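The values are calculated or read from the model by the stated rules, or taken from the named source; none is laboratory data. Keep in mind it's a predicted model, so treat the numbers as computed, not measured. Every residue, glycine among them, receives a Cβ derived from its backbone with ideal geometry; neighbour counts consider all protein chains shown.
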Amino acid sequence: MKKKSKIILGGCIVVAALIGLSVWNTWFSATKIAFVNFQTIQQGSISKANDNSFIKLSEVSLDNLDRLTSYDMVFINGMGLRIVEEQRQQIQQAADKGIPVYTSMATNPANNICNLDSIQQNLIRGYLSNGGKTNYRNMLNYIRKAIDGKASAVPEVEDPIERPSDMLYHAGISNPDDEQEFLTVADYEKFMQENNLYKEGARKIMITGQMADATDLIKALENAGYNVYPVQSMTRFMSFIEEVQPDAVINMAHGRMGDKMVDYLKARNILLFAPLTINSLVDEWENDPMGMSGGFMSQSIVTPEIDGAIRPFALFAQYEDKEGLRHSYAVPERLKTFVSTIDNYLNLKTKPNFEKKVAIYYYKGPGQNALTAAGMEVVPSLYNLLLRMKQEGYNISGLPANAQELGKMIQAQGAVFNAYAEGAFNDFMQNGHPELITKEQYESWVKESLRPEKYQEVVDAFGEFPGNYMVTPDGKLGIARLQFGNVVLLPQNAAGSGDNSFQVVHGTDMAPPHTYIASYLWMQHGFKADALIHFGTHGSLEFTPRKQVALCSNDWPDRLVGAVPHYYLYSIGNVGEGMMAKRRSYASLAIISHSSFP
């Protein structure tokens, strides 16, 4: 009898546990929601809006569609969804088994799989199309309560709130995850004044486009002293920009702004920046030798170039949160450089010419070889440029009387030497007035501009500073240069070692030597150039190793140009390599390109 009682008691416990588990799964367990083929920016916004710990969001790849049956709700972005019939059947099977499936913006009717009723569809469509944190939060709670049937841990659910399609916006002051919206510039400026964000007389930056979370960019620009106007607009952008009259526009969109907007910006000399949003995780992008390719490159780099956008600088990339969902944020070290870049370009518009410092790089062979550039007499052309700059008010004191004298000075003070030309080299180091760089200076610049592992590539290839070329007996590194007031002329040193000069110029797999790096770091940090010019077609900077486009902080052109505005006198007949200079060294080409005589 006692044994029978124990069996009955045990059975009751098992039944109670099963009932409890069933009740838990039915009413109290987490609601699991899957997202398939969603843009990172929208998926990230939905994730940030989720403040309910009983709602779990996941991203499901196209390779794992067989896992959809383990979720309580499935969202599918049908725009650009490329799946084979087997994958389509996996989605359909989940829907047939009763898993709620909602497909939005299907471009292929065969992919438009949805088993929600019309009321549910209309509500979900309203939440998604209007967007914003409040709508996304209500959508998730609605799914838990009305679709998953779990009333526990669900606050009051509101219907979709219609949001304007044309507005200015800003992160909440007390809670940055909240977003405040403004229909007029006046209302937005009142908000800025009330929250000590408005600076009287400060330069204005307008931000447009929704390819990434701009919160950190907005904050960084505000901290740098700008009045920042983030705009989300389909039909009123022109009226917003006419009222704001910004000094620069940052376009985060995917594609063109259109001819009307381009004409407006050009007529008012408003700078247009188009920073890049990387469609992959930071580590994946940094290890990718291409950087960006295909249609994404076309829309992110090529079409903004048509609008006249400058500086195709990779600024945003993806990060994973604790749930494995991806968010597009500004990469911190790149954000710092990008804001400095904007400062430097805008300073060029206001700084008096007499105070501007300009570094001009030219190309020449070793010893007494002439300066070279495709389709151009270099020394007379360079002299004409310096004369014109002098006429425009630049400080070019000490400029010789004619081009012939300039050529002689370059051969004496701006030479390049073969490693074996010991006598000429010693004479130059004594009489050529090179800029001498100490170990302390160089290491401080390296620390500011290069990652430790990047500099280690140089040490591995060429030894510790100063190497064995252009070195003084006391361990300094010499940089050949001619300085006329605030303008300095520098030869571009060899970007590598070896006898194959064509390969050295057009790219090797090795890191550039100390002399090459030191010249550019001195330009940035020692001379503190306001602008950088490469004079003629072409040098080697745009061919130094690693990514094709969308460079990261491990790529040599990105590090050696830094935040300095860059202009390249390039033959208009060499479009292909000119595009490399534009995209890999951030050079502005069109306004100073030249043609060769037939």
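Within segment 509-523, residues that are under 15 Å from residue 416 (Cβ atoms) and outside the structural domain of residue 490 (by the TED database) have Cβ atoms under 6 Å from residues that are crowded, with 23+ Cβ neighbours inside 10 Å and at pLDDT below 95 in no pair, counting only partners at least 6 apart in sequence or on another chain. Put simply, of 261, 234, 252 the only residue that is closer than 24 Å to residue 213 by Cβ, in contact with a Ser or Thr (Cβ under 6 Å, 6 or more places away or on another chain) and assigned by the TED database to the domain that holds residue 302 is 234.
Look at segment 522-553 and say how many of its residues are under 19 Å from residue 452 (Cβ atoms), surrounded by fewer than 24 Cβ atoms within 10 Å (Cβ to Cβ) and at pLDDT 95 or above. Residues flagged as under 19 Å from residue 452 (Cβ atoms), surrounded by fewer than 24 Cβ atoms within 10 Å (Cβ to Cβ) and at pLDDT 95 or above within segment 522-553 amount to 4. Note on segment 290-300: residues that are crowded, with 21+ Cβ neighbours inside 10 Å and either among the basic types (Lys, Arg) or not in a loop (DSSP other than H, G, I, E, B) (or both) amount to 1. Looking across segment 100-125, the residues that are in contact (Cβ under 8 Å) with a residue 24 or more places away in the chain and either touching a Ser or Thr at 6+ places or on another chain (Cβ under 6 Å) or polar (S, T, N, Q) (or both) come down to 103, 104, 107, 108, 111, 112, 113, 120. Here residue 363 passes the criteria (1) outside the structural domain of residue 526 (by the TED database); (2) touching a Pro at 6+ places or on another chain (Cβ under 9 Å) except the one numbered (1). Within segment 559-592, the set of residues being without any contact (Cβ under 8 Å) to a residue 60 or more places away in the chain, among the small types (Gly, Ala, Ser) and crowded, with 17+ Cβ neighbours inside 10 Å comprises 578, 581, 585, 587. When 432, 485, 475 are screened for being more than 36 Å from the chain's Cα centre (by Cα), surrounded by fewer than 21 Cβ atoms within 10 Å (Cβ to Cβ) and within 28 Å of residue 398 (Cβ to Cβ), only 432 passes. In segment 128-141, is there at least one residue being crowded, with 20+ Cβ neighbours inside 10 Å, in contact (Cβ under 8 Å) with a residue 60 or more places away in the chain and either more than 22 Å from residue 38 (Cα to Cα) or touching a Gly at 6+ places or on another chain (Cβ under 6 Å) (or both)? The answer is no, given that none of the residues of segment 128-141 is crowded, with 20+ Cβ neighbours inside 10 Å, in contact (Cβ under 8 Å) with a residue 60 or more places away in the chain and either more than 22 Å from residue 38 (Cα to Cα) or touching a Gly at 6+ places or on another chain (Cβ under 6 Å) (or both).
Annotation note: Cβ proximity below 6 Å between a residue of segment 375-394 that is farther than 13 Å from residue 489 by Cα and assigned by the TED database to the domain that holds residue 491 and a residue that is of a type in the set (Ser, Thr, Tyr) and modelled with pLDDT under 90 (sequence gap 6+ or interchain) occurs for 375/571; 375/596. Filter segment 209-252 down to the residues that are surrounded by fewer than 18 Cβ atoms within 10 Å (Cβ to Cβ) and of a type in the set (A, V, I, L, M), then identify the one that is farthest from the chain's Cα centre (by Cα). So, considering only residues that are surrounded by fewer than 18 Cβ atoms within 10 Å (Cβ to Cβ) and of a type in the set (A, V, I, L, M), the one farthest from the chain's Cα centre (by Cα) is 238. Of all the numbered requirements in (1) more than 36 Å from the chain's Cα centre (by Cα); (2) modelled with pLDDT of 95 or more, residue 150 misses one, and that requirement is (2).
Has segment 350-357 got at least one residue that is closer than 29 Å to residue 562 by Cα and polar (S, T, N, Q)? Checked against the condition, which is being closer than 29 Å to residue 562 by Cα and polar (S, T, N, Q), segment 350-357 yields at least one hit. Filtering segment 508-535 to residues that are over 13 Å from residue 491 (Cβ atoms) and either assigned to a strand (DSSP E or B) or acidic (Asp, Glu) (or both) leaves 509, 530, 531, 532, 533.
Applying the condition of being free of Cβ contacts under 8 Å to residues at least 40 places away in the same chain and more than 16 Å from residue 310 (Cβ to Cβ) to segment 269-292 and asking which residue is nearest to the chain's Cα centre (by Cα) yields 280. Among the candidates 88, 67, the residue that is within 16 Å of residue 112 (Cβ to Cβ) and without any contact (Cβ under 8 Å) to a residue 40 or more places away in the chain is uniquely 88.
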